[in-house]
């Protein structure tokens, strides 16, 4: 029997704002403390939006936003808060 594979993309599964929120929430819970998983989740969520418009609202270029959320990016907490806010979410601390 021949196995077949299909390309999988997280964006196919981020259909609603709730999907995006739960995905980002899971990234915060599972991140190892270096922010890598959080940046990846934000990058995935942002890909499904108008990146140019989002970057303008943050006050950076489209390329700057992509670089900030890249694997080697190091966004400031202010940038993360802006991105999350523009995605219709907010950060909060809970125990």
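Bear in mind these aren't lab numbers, they're just calculated from the coordinates by the rules spelled out. Small disclaimer: the values here were computed from a predicted structure and weren't measured. Glycine gets a Cβ as well: all are built from the backbone with ideal geometry, and neighbour counts include every protein chain shown.
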Order 29-37, 66-74 from most to least packed using the mean count of other Cβ atoms within 10 Å. 66-74, 29-37
What distance in nm separates the simple spin-label points at residue 26 and residue 61, each placed 7 Å from Cα in the Cβ direction? 3.5
In degrees, nearest ten, helix 77-86 long axis to first principal axis of the chain (Cα): 70
Equivalent ellipsoid semi-axes for the range 14-86, as square roots of 5 times the alpha carbon gyration tensor eigenvalues: give them largest first, rounded to whole Å. 18, 15, 10
Relative to the first principal axis of the alpha-carbon coordinates of the chain, what is the inclination of helix 17-30, with its axis defined by its Cα atoms, in degrees from 0 to 90 and to the nearest 10? 90
The extension gain from residue 6 to residue 34, computed as 0.36 nm times the residue separation minus the Cα-Cα distance, is 7.0 nm
On full extension of the chain, what length is gained from residue 15 through residue 81, given 0.36 nm per residue of separation minus the C-alpha to C-alpha distance? 21.6 nm
